[in-house]
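Undergrad: Submitted below is the structure of interest, expressed as structure tokens.
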Amino acid sequence: MLYDVLSILINTIVFPGLVFVGIAAWLTQWFYRKLYARMQNRVGPRFIGPRGLLQPLADFLKLLLKEDIVTVVAREKEPILMLSLSIGALIALLSMLPLSPFPLYTENDIILAIYLTLWPPVALILLGFMAPNPYTVIGSSRYMSLIIVCEPIWLMTILTPVVLATRSGATPAYSIFSASLYAWKLWMNPIGAIVLALTLFTAVMVLQCKLMLKPFDIPEAETEIVAGLFTEYSGPKLAYIIMLHDVELVVYALLVSYLLLGGPAPYTLTSLPGALVFIVKYLAVIFLVTWIKASTARLRIEQALMFMLKYVLPLSIIAIILATFAPIP
Amino acid sequence: MYVFIVMLKLTAIMVLAALLLYTTYIYVKRHRRVIITEYKIQPYGCGEALTKEQVSVTSKGLFWSIVSKVFRNLYTILRDRIHTGVLSDWFVLMVLFMAIALIVLTLIALLFAVR
């Protein structure tokens, strides 16, 4: 009993809990902003801390301590509750990966993982309606349309390596924990490599869409609908929104690094080479996401939906069909 | 049984983390010193005054406007078939939809049963 309580507390607060996720989100935001700036021939964060390292932290604290403006038609505390629950769901998802010192896994836990990844989109959609305004409503409506197309692709993207790993003999069956440990062996198999390469492409595309990054930043199109679904949010609520965005980026990049790239494989995470390999894979995913963001322009909503439906969805369907029925030597 | 324990633990982690974040917000809100600006409490409308009715959500503006643009043909067919004013038309379509959902679910169940 004491072991269970301790493991829950460590998973929640320390690793991979709030402390780890907070630091990872802060460093990832710095890396991502610096990289994005360099790709646009800018300098990026520079003044606070060495090479601007403390800038994301300063931004967060500044917003957290500012006035919390709530309009007459908006909800006051519910947005924070939804944002907190979404971050909590993402931390719970991290506890299911081999990254955690006390991983939680069981057979068919992929269903739980999918359920947990659904929290942030639902919270963001509701956020727009909790502070009604023509711009927030348009933003939420656009995000909802994107998510309706993106979520099935995301579901198939994380299901594909799990199905493939289970068919190859990974136990427990249909678990993201076993699939994460087994993923690197799938790259040795010709069919597995093709399927994982396809899935990697769909994963990167769907990440851009879920995180509202260019070319899918349509829900918060700044030059068009002010700040979209975040128009009415400032101060601490905006700080939590940015935090959720960064935590989403961290968790999804970790998930892709583990499920599709094998995490620290061929080493273990506790060894130095393993930790380095894992960090390189993680940063490669962040680099790819930033590169696409920096080199594309915003699509219109119908263009974005048609792109996902015409190109990305069929690829994810092909990948899951191959993963389910193709003979694996 | 073990599945249930994992679910409970994951829920505990999620709720506990959320509770910590929510408490931080409440604590910060109570203990910081800020200047309250009353005039900012009206919904933002790029300089235009908005009434409560104008900021509310209509089903047309919410979702169907995008569906009607992206899936124009499907939208037209659905609108012409559902909005006939005859209740049985709507009922037939809903039954069809449920039948398709049932067939898909049965196929998935059969796939798992064969396994």
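The values are calculated or read from the model by the stated rules, or taken from the named source; none is laboratory data. Here the structure is a predicted model, which means the values were calculated and not measured. With ideal geometry, Cβ positions are generated from the backbone for all residues, glycine too; neighbour counts draw on all protein chains shown.
Undergrad: Do we find a residue being under 22 Å from B:Val3 (Cα atoms) and either among the hydroxyl-bearing types (Ser, Thr, Tyr) or touching a strand residue (DSSP E or B) at 6+ places or on another chain (Cβ under 8 Å) (or both) anywhere in region A:180-189?
TA: Yes, because at least one residue in region A:180-189 is under 22 Å from B:Val3 (Cα atoms) and either among the hydroxyl-bearing types (Ser, Thr, Tyr) or touching a strand residue (DSSP E or B) at 6+ places or on another chain (Cβ under 8 Å) (or both).
Undergrad: Next question. Taking helices (runs of 4 or more DSSP H) that fall entirely within chain B, which contain at least 3 residues that are modelled with pLDDT under 75 and within 11 Å of another protein chain (Cβ to nearest Cβ)?
TA: The helices (runs of 4 or more DSSP H) meeting that bar are B:52-55, B:65-70.
Undergrad: Additional query: What tally of residues in region A:112-137 results from selecting those that are closer than 17 Å to A:Leu213 by Cα and hydrophobic (A, V, I, L, M, F, W, C)? It would help to see each step written out before you state the result.
TA: Of the residues in region A:112-137, the ones closer than 17 Å to A:Leu213 by Cα are A:120-121, A:124-125.
So of that shortlist, the ones also hydrophobic (A, V, I, L, M, F, W, C) come out as A:124-125.
Selection size over region A:112-137: 2.
Undergrad: Which one is modelled with the lowest pLDDT among residues in region A:10-69 that are of a type in the set (Gly, Ala, Ser) and part of a helix (DSSP H, G or I)?
TA: Just the residues of region A:10-69 that are of a type in the set (Gly, Ala, Ser), to begin with: A:17, A:22, A:24-25, A:37, A:44, A:49, A:52, A:58.
Pick out the ones that are also part of a helix (DSSP H, G or I) and you get A:22, A:24-25, A:37, A:52, A:58.
Numbers: A:Gly22: 93, A:Ala24: 95, A:Ala25: 94, A:Ala37: 94, A:Gly52: 89, A:Ala58: 94.
Once the filter is applied, the top-ranked residue is A:Gly52.
Undergrad: Within region A:46-65, work out how many residues are buried (at least 18 other Cβ atoms within 10 Å of the Cβ) and out of contact with any Phe, Trp or Tyr (no Cβ under 6 Å at 6 or more places or on another chain).
TA: 6
Undergrad: Condition first: surrounded by fewer than 20 Cβ atoms within 10 Å (Cβ to Cβ) and of a type in the set (S, T, N, Q). Now tell me which residues in region A:129-176 satisfy that.
TA: Selection gives A:Ser168, A:Thr171.
Undergrad: Filter region A:272-314 down to the residues that are buried (at least 17 other Cβ atoms within 10 Å of the Cβ), under 27 Å from B:Ile108 (Cα atoms) and either at pLDDT below 90 or over 20 Å from the mean Cα position of the chain (by Cα) (or both) and list them by number.
TA: Listed by number, the list holds a single entry, A:Leu305.
Undergrad: Of all the residues that make up region A:302-320, how many are of a type in the set (S, T, N, Q) and touching a residue at least 12 places away in the same chain (Cβ under 8 Å)?
TA: So the first thing to find is which residues in region A:302-320 are of a type in the set (S, T, N, Q), and the list is A:303, A:316.
When the remaining residues are screened for being touching a residue at least 12 places away in the same chain (Cβ under 8 Å), the result is A:316.
So the answer is 1.
Undergrad: Looking at region A:71-121, which of the residues that are assigned to a loop (DSSP other than H, G, I, E, B) and among the charged types (D, E, K, R) is surrounded by the most Cβ atoms within 10 Å (Cβ to Cβ)?
TA: A:Asp109
Undergrad: Can you name the number of the only condition in (1) at the interface with chain B (Cβ under 8 Å from one of its Cβ atoms); (2) part of a helix (DSSP H, G or I); (3) touching a residue at least 24 places away in the same chain (Cβ under 8 Å); (4) within 22 Å of the chain's Cα centre (by Cα) that A:Leu146 fails?
TA: Failing condition for A:Leu146: (1).
Undergrad: Would region A:95-111 turn up any residue that is among the aromatic types (Phe, Trp, Tyr), at the interface with another protein chain (Cβ under 10 Å from one of its Cβ atoms) and closer than 21 Å to A:Leu254 by Cα?
TA: Yes.
Undergrad: Can A:Arg38 be described as surrounded by fewer than 16 Cβ atoms within 10 Å (Cβ to Cβ) and of a type outside the set (Phe, Trp, Tyr)?
TA: Details: surrounded by fewer than 16 Cβ atoms within 10 Å (Cβ to Cβ): yes; of a type outside the set (Phe, Trp, Tyr): yes.
Yes: the conditions hold for A:Arg38.
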